[in-house]
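Note sheet for the following structure.
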Amino acid sequence: METKIDVDKIGAGDLRMEDILNIDESKAMSLFRNRFVRYKKLAKEMGDEAAFEKMMEKYPEQQKALMGAFIDNATLAEGFKKPIPLLKMMGFVTEIVDISQNGTDATLEIQRVCPALSLAKEYGFETPCYLLCEMEQEAARRAFPGLKASILSKQAEGDCVCVFKYERPEQQVTQSTKNISSIFSKVINLFRVVPVLVQIGIKMLKIRLSN
């Protein structure tokens with residue numbers, strides 16, 4: 001028996017605070033499905049452009065709260081690295097590259113996996129880009145004046161990865177925030193280098209024992 005979805009109750013299909021606590025790939029796919037279903041209903045009623053704006057009504061506000069938690073008092077690259085574990089639970093494989101220079105805070109977000117690619121075709125969309133990535137970037141631009149966002153590469157168009165670029169004027173970060181970030185980075189780097197130091201120690205010990 002097919003389950004009927006009440007499109008008036010499912011919302012826009014965007015990630016909310018209450019979703020984060022128990023998100024996984026299955027729940028993420030449900031959010032994507034909700035967005036496709038909601039948009040198709042609205043587009044049929046009012047047309048594509050009006051449907052897009054209707055879906056955007058609360059999205060910038062939510063984007064401000066969610067994205068702001070990561071990029072406020074941090075560079076874009078630092079901020080975008082923070083939700084990588086969350087994105088992994090949603091089925092994404094993410095890399096972040098800091099490309100900041102000349103007074104511009106900028107980063108590339110590289111997505112190796114697009115979980116919504118096949119889902120879009122299921123609902124009659126050629127690609128998921130318009131309703132997911134492009135809508136997310138438009139919400140970010142509206143939520144953060146001065147932030148530029150663009151899509152440089154799309155798997156949906158045959159590229160090997162999706163690449164998103166974000167940039168804004170360099171932010172003034174307080175010294176205390178810089179110190180906390182520096183200490184955190186040192187701790188992380190220490191944990192990363194420990195296994196290498198252990199391997200070096202073992203090799204040195206073997207050399208001594210063999211002599």
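The values are calculated or read from the model by the stated rules, or taken from the named source; none is laboratory data. Predicted, not measured: the structure shown is a model, and the values here were computed from it. Don't worry about glycine lacking a Cβ; one is built from the backbone with ideal geometry, like all the others, and counts go over all protein chains shown. Accessible surface is based on the protein model in full, side chains and every heavy atom, while ligands, DNA and RNA are left aside. Shrake-Rupley method; radii C 1.70, N 1.55, O 1.52, S 1.80 Å.
Using a 1.4 angstrom probe with every protein chain in place, what is the largest-first accessible-area order of 135, 46? Please list the in-between numbers first.
Working: 135 0, 46 85 Å².
If we order 135, 46 from most to least accessible, we get 46, 135.
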Let me know the charge dipole size of the stretch 115-156 about its Cα centre in debye, to the nearest 20, where only the beta-carbon of Lys, Arg (+1) and Asp, Glu (-1) is charged. 180
What nm distance separates the two modelled labels at residue 138 and residue 88, each placed 7 Å from Cα along Cα→Cβ? 3.3
Quick one: length gained pulling residue 122 to residue 65 fully straight, 0.36 nm per residue minus the C-alpha distance? 17.4 nm
Taking θ = phi - 60°, what integer Hz values does the Karplus form 6.51 cos²θ - 1.76 cosθ + 1.60 yield along the stretch 118-134, in sequence order, with x for Gly and Pro? 6, 5, 4, 5, 4, 9, x, 9, 5, 9, x, 4, 4, 8, 10, 5, 5
Segment residue 37-residue 54, extension gain: residue separation times 0.36 nm, minus the distance between their alpha carbons: 4.8 nm
Most to least accessible of 202, 84 (protein chains only, probe 1.4 Å): 202, 84
Sorted by accessible area (1.4 Å probe), largest first, how do 107, 127 line up? 127, 107
Accessible area (Å², 1.4 Å probe, nearest 10) - residue 23: 10
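Take the solvent-accessible surface of the protein heavy atoms, probe 1.4 Å, and return the percent of it on the stretch 48-99 that carbon and sulfur atoms account for.
Numbers: 1550 of 2800 Å².
Taking all protein chains in place, the stretch 48-99 shows 56 percent carbon and sulfur surface.
In Å², what does the accessible area per residue of the stretch 121-173 work out to with a 1.4 Å probe? Present the calculation step by step, with values, prior to reporting the outcome.
On the way: 2870 Å² over 53 residues.
That works out to 54 Å² for each residue.
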Accessible area (Å², per residue) of the stretch 39-110, counting only protein heavy atoms and a probe of 1.4 Å: 54
